[in-house]
1. For region 558-583, how many residues are in contact with a strand residue (DSSP E or B) (Cβ under 9 Å, 6 or more places away or on another chain), exposed (fewer than 14 other Cβ atoms within 10 Å of the Cβ), closer than 16 Å to D536 by Cβ and among the small types (G, A, S)?
2. Regarding region 352-360, can at least one residue be identified that is under 21 Å from T478 (Cα atoms) and among the β-branched types (V, I, T)?
3. Among the residues of region 393-412 satisfying the criterion of being outside any loop (DSSP other than H, G, I, E, B) and under 27 Å from the mean Cα position of the chain (by Cα), which is surrounded by the most Cβ atoms within 10 Å (Cβ to Cβ)?
4. Looking only at region 63-73, which residues are within 14 Å of D511 (Cα to Cα) and either surrounded by fewer than 17 Cβ atoms within 10 Å (Cβ to Cβ) or at pLDDT below 75 (or both)?
5. Which residues, counting only those in region 241-257, are β-branched (V, I, T) and assigned to a strand (DSSP E or B)?
6. If you take the residues of region 432-451 that are buried (at least 17 other Cβ atoms within 10 Å of the Cβ) and aliphatic (A, V, I, L, M), which of them is farthest from N419 (Cα to Cα)?
7. From A362, A351, which residue is touching a residue at least 12 places away in the same chain (Cβ under 8 Å), in the same structural domain as R394 (by TED's automatic domain parsing) and more than 21 Å from T299 (Cα to Cα)?
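The values are calculated or read from the model by the stated rules, or taken from the named source; none is laboratory data. The model shown is predicted, which means the values in this text are computed figures rather than measured ones. Because the Cβ atoms are built from the backbone with ideal geometry, glycine has one as well, and the counts that use them run over all protein chains shown.
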Amino acid sequence: MNMRIKKVLTTLLLAFLIMGLRGIIPATSHAQVEIETSQPKSRFVAGRLLVKYRSQQPDRVNGLMRAGGAREVNKVSGTEVHVVELPASSDEQAFVKALQQEPDVEFAELDRIITPAEMVPNDPNYSGQWHLPMIQSPAAWSITSGAPNVTIAILDTGVDPTHPDLVSKLVPGWNFYDNNSDSSDVNGHGTAVAGAAAASSNNGLGVASVAWGCNIMPIRISDPNGDGTLSAMASGLTWAADHGARVANISYQVSDSLTVKSAAQYFQSKGGVVTISSGNDGSFDSTADNPYVLTVGATYTDDTVAAWSTKGNNLDLAAPGSLIQTTNLGGGYGTWSGTSFSAPIVAGVAALVMSANPNLSASQVQTVLKQSADDLGTAGWDTSYGSGRVNAARAVDLAITTNTSDTTPPTVSITSPANGQVITNTVNVQATAADDSGVTSVTLSIDQNAIGTVTAAPYSFSWDTTTVSDGVHVVTVTAADAAGNTASASLNVTIRNAVGMPVINIVSPRDGDVVPTGNVSIDVVATDDVAVSRVDLYVDGVLEATSKRAPFGTKWSSRKATAGAHFLQCKAYDRDGNVGTSPVVTVYK
C-alpha cells in the first residue's frame, strides 16, 4: 500500500473516533475483542482504555474525550490510572494513539486480556521435586521456612479452599472478576501456582513448597478460562497491598503493562515485592525493564534456560520451571511446566528473605535476590538468565547480613554525552558511581524507560538513538547500593537522525483555539535543506487544501464542520519526495 495513502487511512481512524457514536458498554461488561495483526492475536476489553495523566485536572484532554463520547468510569485504587469507556464501535487503538500524542497524558493503553503463562500438567505421578534442592531450599529452611506474618498474594484463577495442602494456609482474598469474596479456583492454574510458592510442608502429606511457613492470599483476576485483564490485575495488586500482603505473584506475561507497573509501584511503596512470569513463547522481549517487578524466566532440570522461556531486556531472574510437582484443583497433585511456576518459586524465596530479615525494604529484597542468584549465563546480567538462577540459601544468608541501617545513597554522574549535546546514530553513554558500601548496579533510562543495567565498572552503555524520535530526550542513570539506596543523575540531549526531510509547524490557529464558522486561514512555517515544493492541509484526517507557493498558507471552510474538536495537520513535500509532518493542532468550533 502507498505510504501516503496508509498514513491518510490511519489518520481517518482518529477522525472516526471523534464522531460521537452512541451506546456505552457497561463497566461490568466482559466483552472481548481480537485484533488481527502480523503478531499473535491480542485480545482486549472492547470499549475500554486505561489512562494516566501527568496532572490532576487535564482540562484539554477531558474536553477531547467528551468530544469523542468517552467517559471515565473508575480508577484503579492506589494509582492515578483511570478506566475510560468509549462509545460502541469506537476504534480503541486509534483512540489510544490520539491520547498518547497529548502532553498531559503519561500513558494510555488497551485493557488487554492475558492468557496465563502455563503449560498443561504432564505427569501427575511424578514424585520428585528436583527444583527444591536445585535452589538450595533445604539449607534455607535450616534458618527459616517462612514467617506466618509474611503473606503471598496469588493473583490468578483463584485457589482451591479445600485442598489439604492449602486449606490451613489461606487468608481472606477477593474475586475481581465477579466482585465478591469467593476466591475459589475456577480453572486449576491458580491452585497449582499457590502450591509452588507456599503449600503446607513437613506434614507427611502431598508436596513440599519453597515458603511453607508463609500464608497465601487468593486473588481471582480471571474468567473461567483462565484469562485475566490488566485492570483486574492492577486492582488485585493494590487490594492485596492494602490488606497486608508482602509478596504478590502474577503468573501472566504482563511486565510490559504500564497499568500493572503503576499498581506494582504502589505495592512496592507498601513494602512489597511483585513477581511476574516472563512468558512461554520462546521469543525475545525488547521491552524495557520494569523496576517495580521481578520478571522471571524458567530453567530445565540441568539448569539451562528452557527453550520456551521468554527472554529479553526486562528479565530479572530465572528459576526452575519444568516438571514442577505441586497442588491440583480438587485435592490432588500434578506436574506442571512453564514460567507460571518459576515466578511463584521466586515469590517463595522473596518471602523467605523477608522472613529472615523483616527490616529489609522492598528494593533491598529485590537486590538481595539478584545478588545472591547463581550466575549461570554470561558474566553479570544477561537476557537469558537475568541476574541468574535464584538461590534460596544464599538469599537468606545475604538477607541476614544486609545492613538495613545504611541510608546513604551512592553518588552518580554522567560523563558522556554532555548536557544539551546533539547526537546521532549509536552513542556511548558513560557514568561514574561510588558508594561506601559498594555500587551493586547502574541502570540507564531514556525518558524514564530503563534500557540496560550493568553491575560492575566501567558503567558504560551503547544506546541506539534511532529507536527514539528526533528531538529532546532525557538521559538518566540510576545507581544502587547493597542496602537498596539509589541515586540518579539526568541530562537532556537532542537526537537528530532525520536528514533531508522538510520541517513544518502550524503557527495559526494555535492548539486549543476556537475557530469561527467560515473560512479559517491556516498559516505554517515550512523549511527544507533544499526547498519546500508543496504543503497539504488535512482536517480530521481528510485532505482539505493544497498550497504550492510560499509561504504555503491554506484555508479551511469550517461552515459544514460539526461543533466540537477538530484536528489540523499539515504535510510538507520537497522536490525529492521527502515528507515532513506537523504536530496535530486541535481547534474547536
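1. 0
2. First, pick out the residues of region 352-360 that are under 21 Å from T478 (Cα atoms): 360.
Those left that are additionally among the β-branched types (V, I, T): none.
No, region 352-360 contains no residue that is under 21 Å from T478 (Cα atoms) and among the β-branched types (V, I, T).
3. Just the residues of region 393-412 that are outside any loop (DSSP other than H, G, I, E, B), to begin with: 393-401, 411-412.
This time we only want the ones that are under 27 Å from the mean Cα position of the chain (by Cα), so: 395, 412.
Details: A395: 26, V412: 22.
It comes out as A395.
4. Of all residues in region 63-73, those within 14 Å of D511 (Cα to Cα) come to 63-64.
The one that is within 14 Å of D511 (Cα to Cα) and either surrounded by fewer than 17 Cβ atoms within 10 Å (Cβ to Cβ) or at pLDDT below 75 (or both): G63.
5. Residues of region 241-257 that are β-branched (V, I, T), as a first pass: 247, 250, 254.
V247, I250, listed by residue number.
6. First pass over region 432-451, keeping only residues buried (at least 17 other Cβ atoms within 10 Å of the Cβ): 432-433, 435, 439-446, 450-451.
Next cut, aliphatic (A, V, I, L, M) only: 433, 439, 442, 444, 446, 450-451.
Values: A433: 18, V439: 24, V442: 19, L444: 15, I446: 14, A450: 19, I451: 19 Å.
Going through the qualifying residues, I end up with V439.
7. Numbers: A351 fails: more than 21 Å from T299 (Cα to Cα).
Matching residue, one of A362, A351: A362.
Conditions (1) part of a strand (DSSP E or B); (2) closer than 23 Å to S262 by Cβ; (3) modelled with pLDDT of 85 or more; (4) of a type in the set (A, V, I, L, M, F, W, C), marked per residue:
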{"residue": "E34", "(1), (2), (3), (4)": "yes, no, no, no"}
{"residue": "V61", "(1), (2), (3), (4)": "no, yes, no, yes"}
{"residue": "E106", "(1), (2), (3), (4)": "yes, yes, yes, no"}
{"residue": "E109", "(1), (2), (3), (4)": "yes, yes, yes, no"}
